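One structure below.
The values are calculated or read from the model by the stated rules, or taken from the named source; none is laboratory data. Nothing here was measured: the structure is a model prediction, and the numbers come from that model. Neighbour counts are summed over all protein chains in view; Cβ atoms, including those assigned to glycine, are modelled from backbone coordinates with ideal geometry. Heads up: the accessible areas ignore ligands, DNA and RNA and are worked out on the full protein's heavy atoms, side chains in. Shrake-Rupley method; radii C 1.70, N 1.55, O 1.52, S 1.80 Å.
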Amino acid sequence: MKLLSILLSISFFVGFIQSQYILLETTYYGDDYCSKSPSSKSSLLSHSSLPSGFPQFQSNGGSLNSDVCYYSPLGGEIFKAGVCIPMGKSKVMFNISETYVITYSTYHGSSCEDDRQIAFIRSGSCINQCGNGFGVSNKFTIVDYPITPENILLTAMYPGECNDGYKDSFVYLHYQKLNYCELYSGIGMDSLQVNCNSTTKTTTVYTGDKNCKGRSQNFYSPIACSCGDYNIFQECQNY
């Protein structure tokens, strides 16, 4: 009976660890902050080495961290720990050590087994990068269960039956704040805002202005849901 209790306790503990998530929050900031930002050039990978839209860094076996967080996130990404997740032409996996260090692995093969690149990150730390007239701050945090904010465009990736029941089985969430002015990634002098309704995402790009003012152009894309090995569910939560 005592052995059974120990085994149940171990099983519960393992299940608890496996159900943890990593929250990645991204903040873009102006080039005026870049002169104050710690340099991370020695920790960068080329942009072709990691999936598009992911923080571009690498580790030489140590930890990559910054004591400075430029923290006003425009959105976030949530990854279930221990799951191989497809991202474009690559795959990623996050794991959590007993000392709460995050291991971030990227794979360029057909599975999460070959051609591995790895970085180690402390929970709550930031990795900052400057270039092209703007900076990016990525904050990594371990969470037991993620809570997304209100007024967002939500995208979920989940296995199993293809329906809207992602909440109990998702392996990846992405959320983007609505009506929030952000620097346009890659072009430091432009900015954009995202809005949506039940069928359409609208991205308004402001050319030559960092504060979402002046000349603008709208781009439209459908709210997308699809079925596959991993199903995609997207929802406009504009409330």
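Per-residue Karplus couplings for the stretch 196-202, computed as 6.51 cos²θ - 1.76 cosθ + 1.60 with θ equal to phi - 60°, are listed in order as 6, 10, 5, 10, 9, 9, 10 Hz, Gly and Pro entered as x.
Here the Karplus relation 6.51 cos²θ - 1.76 cosθ + 1.60, evaluated at θ = phi - 60°, turns the backbone of the stretch 222-239 into coupling constants of x, 5, 9, 10, 8, 10, x, 4, 10, 7, 10, 10, 10, 8, 8, 9, 9, 9 Hz, with x for every Gly and Pro. Scanning residues 5 or more positions from residue 87 or on other chains, those with amide H under 5 Å from its amide H are 92, with H placed 1.01 Å from N in the peptide plane. Expressed in Å, the radius of gyration and Dmax of the Cα atoms of the stretch 87-239 are 17.7, 51. For residue 20, the residues 5 or more places off, or on other chains, whose built amide H falls under 5 Å of its own are 81. Within the assembled protein chains, the solvent-accessible surface assigned to residue 139 is about 50 Å², based on a 1.4 Å probe.
On the beta carbon distance between residue 209 and residue 100, with R0 = 45 Å, the FRET formula returns roughly 0.65. Counting charges near residue 181 (Lys, Arg +1; Asp, Glu -1) among other residues having Cβ under 14 Å from its Cβ returns a value of 0. Available extension along the chain between residue 224 and residue 123 is 33.2 nm, counting 0.36 nm per residue and deducting the alpha carbon span.
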